[in-house]
Amino acid sequence: MKYYEKKDTLGRRMLLLTKGSAEVGVALDFGIRIIHLSCVGMENLFYQQPLDCSDGFSKPTGWRLYGGHRMWLAPQNQQVYHGDNSPIHYTLLENGVVVTQDFDPLSGLEKELTILFTDDGHIRLNHRFYNRTDHVITGASWSINTFDRGGKATVHFEGSDRSDLTPRRIVSLWGNTNLGDPRLLFTEDSLTVTHTPLDAFFKLGLYSKTGTAIFENKSQRLTLSFGTPPIEALCDGGCNFELYMCSKFMELEPLGKITAIEPGQYASHWEDWYLASI
């Protein structure tokens with residue numbers, strides 16, 4: 001693994017880690033955020049928020065979107081919007097890095113992200129949310145990947161046997177999300193979403209028994225692999241994967257199981273990235 005500090009295309013400091021054909025860039029002056037992901041020498045797959053926040057998704061002060069990969073605790077509430085605007089801390093490993101964020105007094109949590117480049121060529125992310133209060137905090141570990149415009153995502157779920165008497169094929173809808181949205185294509189065992197500059201609100205969650213989703217853009221393919229806890233252990237109606245879309249970006253969002261986090265303990269989930277040029 002190679003690593004060095006450099007500036008991203010917006011002039012922000014990041015730690016760039018490279019192994020094999022993959023590059024990962026971790027923001028140093030704010031976060032936790034992974035703000036760069038690509039095959040070596042290719043374009044960044046992640047959305048980058050303009051420095052002046054002229055995209056309208058947050059303001060220069062308070063919580064900022066920034067773009068890239070971030071960590072939240074589900075279900076969503078106002079506490080997740082506490083600003084990730086302070087420098088992060090990192091410890092290099094032989095094949096990766098551990099990134100930590102200072103204690104957040106609003107949520108009572110301390111976030112930790114471990115990024116590992118595995119021997120077989122993929123990247124594993126381990127997310128931990130430590131409870132630093134004296135009371136139980138209940139929630140689910142949740143990661144959000146904010147991808148640049150123009151991509152296509154396919155998430156797989158299990159085809160159902162007609163003899164199954166329970167509703168195991170879960171779809172949850174937010175707001176006025178329209179299942180007739182022209183950006184959606186459902187098949188028997190998958191959902192494909194194609195990003196276009198459409199402003200219609202869209203957020204959808206589902207249960208993927210296979211725990212896989214594929215994102216394609218900029219001549220690159222990223223396969224996401226994530227956990228498949230029992231439906232009953234998940235929030236938002238039984239979702240282990242959620243997808244949000246607006247005119248400027250698409251978000252793919254794996255979730256872990258709901259956990260009663262005791263003081264000093266943590267909630268966690270993992271996510272694997274398999275990246276290739278196409």
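What follows draws every value from the coordinates through simple rules; no lab data is involved. Please read all numbers here as calculations on a predicted model, not as lab measurements. So basically every Cβ, Gly included, is an ideal-geometry build from the backbone, and we count neighbours across all protein chains shown.
Quick look at the values:
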read-out	value
Burial order of peptide ranges 128-138, 105-115, 23-33 (average beta-carbon count within 10 Å, highest first)	23-33, 105-115, 128-138
Derived scalar couplings ³J(HN,Hα) [the stretch 124-129; Karplus, 6.51 cos²θ - 1.76 cosθ + 1.60; whole Hz; x for Gly, Pro]	10, 10, 10, 9, 10, 10
Descending Cα extents along the principal axes, the stretch 207-278, whole Å	44, 24, 24
Under 5 Å, built H, 5+ apart or other chain: amide partners of Gly31	Asn85, Ser86
Computed over the stretch 125-278, the ratio Rg/Rh where both radii use C-alpha atoms and Rh is Kirkwood	0.99
For the chain, built as a Gaussian network whose Cα springs stay under 10 Å, the top-fluctuating residue of Thr223, Thr210, Thr166	Thr166
Gaussian network model of the chain, Cα within-10 Å springs - most flexible of Cys239, Cys53, Cys39	Cys53
Cα pair count fraction exceeding 17 Å, expressed as % - the stretch 1-111	55 percent
Per-selection metrics, the stretch 52-106 (Cα): Rg and Dmax in Å	13.4, 40
Table column - 3J(HN,Hα) (Hz), the stretch 84-97, Karplus curve with 6.51, -1.76, 1.60, x for Gly and Pro	9, 9, 9, x, 9, 10, 9, 10, 6, 10, 4, 10, x, 7
Debye log10 I(q)/I(0) at q = 0.07 Å⁻¹ for the chain, Cα point scatterers	-0.24
Of the trypsin sites (Lys or Arg not before Pro) in the stretch 162-201, those whose Cβ has at most 13 other Cβ within 10 Å and which sit in DSSP loop	Arg162
Per-residue ³J(HN,Hα) for the stretch 180-193, Karplus 6.51 cos²θ - 1.76 cosθ + 1.60, θ = phi - 60°, Hz, x for Gly and Pro	x, 3, x, 7, 9, 9, 8, 10, 4, 10, 7, 10, 10, 10
